1. Would you be able to tell me the number of residues in segment 46-65 that are among the small types (Gly, Ala, Ser) and surrounded by 12 or more Cβ atoms within 10 Å (Cβ to Cβ)?
2. Quick test of your reading of the structure: LEU107 fulfils all but one of (1) of a type in the set (A, V, I, L, M); (2) farther than 23 Å from ILE26 by Cβ; (3) at pLDDT below 95. Name the failing condition by number.
3. Tell me which residues, restricted to segment 10-24, are under 23 Å from the mean Cα position of the chain (by Cα) and either of a type in the set (A, V, I, L, M, F, W, C) or modelled with pLDDT of 95 or more (or both).
4. Tell me, which strands (runs of 3 or more DSSP E) wholly within segment 68-123 include 1 or more residues that are within 30 Å of ASN56 (Cα to Cα), in contact with a helix residue (DSSP H, G or I) (Cβ under 8 Å, 6 or more places away or on another chain) and not assigned by TED's automatic domain parsing to the domain that holds ALA57?
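The values are calculated or read from the model by the stated rules, or taken from the named source; none is laboratory data. Please read all numbers here as calculations on a predicted model, not as lab measurements. Glycine also receives a Cβ, built like all others from the backbone with ideal geometry; neighbour counts cover every protein chain displayed.
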Amino acid sequence: MFEIRNSGIRYLFQIQKSSFKIMRKIDLIRQLAKEEKISERKATSLVYAVFDILGNALAQGEKIKVSGFGTFLVVKRKGRKIRNPRTHKITKINDYVIPHFRAGEPLKQKVREAVAEKKKSEK
């Protein structure tokens, strides 16, 4: 637990450590190379190609559906007014778009089962 002090207000946060490890891009590349029995160089080019294709499609405003996995799409956020807590100056943020991912039902179910299994093994 740690605290942050801001303008006399104290915020307490408790950080929960995730029991899942973080998979980085290099981990994904190595696992792809191992499972498909290809070189890491080839796996690297494949991973970067997929990310480029996804990024370019999202930049064009396309929706990408990967059956059994999920949907990548671009979501429009409305502009709003915000207040700088330090200066109390009100600033307007214009409308903007962000990439978004919606997990498909098979992926959600797989994650739920993995979490349930992990909880069972911890007991």
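1. Within segment 46-65, the subset among the small types (Gly, Ala, Ser) is 49, 55, 57, 59, 61.
The next check asks that each one be surrounded by 12 or more Cβ atoms within 10 Å (Cβ to Cβ); those that pass are 55, 57.
Total meeting the criteria: 2.
2. Exception for LEU107: condition (2).
3. Keep residues of segment 10-24 that are under 23 Å from the mean Cα position of the chain (by Cα), which gives 13-24.
Scanning segment 10-24 gives PHE13, ILE15, PHE20, ILE22, MET23.
4. Details: elements: 70-77, 80-83, 90-93, 96-103.
The strands (runs of 3 or more DSSP E) meeting that bar are 70-77, 96-103.
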